[in-house]
Structure formats: structure tokens, C-alpha cells
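K.L.:
Before I ask anything, here is the structure I am working with.
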Amino acid sequence: MTHTVPVLLLLLASALWAGHVEPVNKNSKGVALKGYDPVAYFTESKPVKGDPATSAVWEGATYYFASPANRDLFQASPAKYVPQYGGYCAYAVSKGHTAGISPNAWKIVEGKLYLNHPFAKGKFAKDVEGAIRNADANWPRILAQ
């Protein structure tokens with residue numbers, strides 16, 4: 001019982017520290033998708049590292065592209081190519097929180113790109129529809145925190 005109060009205080013402090021979630025998962029330099037080309041997931045069916053010299057900014061995040069053609073496709077319709085839930089782990093969002101991703105843990109479902117943490121990829125795959133339904137419901141609440 002003597003450890004209960006410190007543990008509760010630690011949990012409360014952690015919850016308060018978590019604070020605001022940025023709408024786009026980006027690194028300290030403002031780069032989204034760990035520098036991978038969002039268009040390549042759709043055009044090449046694989047993650048492709050982007051080139052910093054071929055970039056575009058959307059919603060405060062910089063995206064890198066493997067080619068000027070991919071950048072042009074993105075600029076014509078960014079919402080078509082950006083990952084869901086700001087590029088955070090889709091499975092984590094389905095559980096009510098955010099987590100980092102691996103560009104290699106991805107899936108396109110009904111024309112939308114979903115990324116996951118490597119450890120969550122299998123969990124997401126077990127119930128894709130349920131995870132997406134839950135994440136869609138949770139995402140506005142996560143952003144409002």
C-alpha cells in the first residue's frame with residue numbers, strides 16, 4: 001500500500017506530460033515519414049527513401065520524394081497520399097494513443113495508407129477493419145488532448 005500513492009502520482013504526471021499530439025508525426029527537422037516517399041507506396045507498392053532535394057511541405061511537415069514526378073502527384077492531391085492518423089501507428093491510434101512507425105510496416109486499404117510500429121503490424125493485420133474503425137473514432141479525441 002505504501003507504493004500506491006507514488007505510483008498514482010507517477011501515472012498522473014505521465015498523463016499530464018503527454019500533452020498535445022502534433023497532427024503530423026515528424027522528426028525534429030519537420031520531416032514526415034522518416035524521409036520516405038508517400039507516393040511510392042501507391043505507385044511502386046513498396047517504401048522508397050525520398051530525396052531531400054525533392055520535397056514538398058504540407059500541413060507543416062516536409063515530405064521527401066524519390067522523383068519530381070512523385071512530388072508533382074503529391075502536390076496535386078496531398079490528402080490522397082499522406083498516411084492516415086498523421087503518420088502515427090494505426091494500431092496504437094486504434095487503442096487510443098500514438099506510437100512511432102516503421103516505413104516498412106505499412107498497408108494500403110481502400111486507397112488509404114496505414115503505417116504501424118513493427119511490433120504492431122501483426123496485431124493490425126488480425127483485424128484491419130476493426131482497427132481502422134476504432135482508430136477513426138479515436139483520432140479526433142487524440143488530437144483534442
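K.L.:
List pairs: first residue in segment 103-115 and not assigned by TED's automatic domain parsing to the domain that holds residue 33, second residue in a strand (DSSP E or B) and among the charged types (D, E, K, R) anywhere in the structure, Cβ distance under 7 angstrom, at least six positions apart or on different chains.
P.N.:
114/107
K.L.:
With (1) over 19 Å from residue 27 (Cβ atoms); (2) in contact with a Phe, Trp or Tyr (Cβ under 9 Å, 6 or more places away or on another chain); (3) assigned to a loop (DSSP other than H, G, I, E, B) as the list, and residue 100 as the residue in question, which single condition is left unmet?
P.N.:
With respect to (1) over 19 Å from residue 27 (Cβ atoms); (2) in contact with a Phe, Trp or Tyr (Cβ under 9 Å, 6 or more places away or on another chain); (3) assigned to a loop (DSSP other than H, G, I, E, B), residue 100 is out only on (1).
K.L.:
Do you know which residues across segment 82-102 are in contact (Cβ under 8 Å) with a residue 40 or more places away in the chain and aliphatic (A, V, I, L, M)?
P.N.:
If the condition is that a residue be in contact (Cβ under 8 Å) with a residue 40 or more places away in the chain and aliphatic (A, V, I, L, M), then 82, 90, 93, 101 are the ones that fit.
K.L.:
Is it the case that some residue within segment 104-117 is more than 19 Å from residue 45 (Cα to Cα) and either touching a strand residue (DSSP E or B) at 6+ places or on another chain (Cβ under 6 Å) or not in a strand (DSSP E or B) (or both)?
P.N.:
No, the conditions are met nowhere in segment 104-117.
K.L.:
When only residues in segment 23-58 that are touching a helix residue (DSSP H, G or I) at 6+ places or on another chain (Cβ under 8 Å), more than 14 Å from residue 83 (Cα to Cα) and in contact (Cβ under 8 Å) with a residue 12 or more places away in the chain count, which is surrounded by the most Cβ atoms within 10 Å (Cβ to Cβ)?
P.N.:
50
The values are calculated or read from the model by the stated rules, or taken from the named source; none is laboratory data. These numbers were taken from a predicted model, which means no experiment stands behind them. Because the Cβ atoms are built from the backbone with ideal geometry, glycine has one as well, and the counts that use them run over all protein chains shown.
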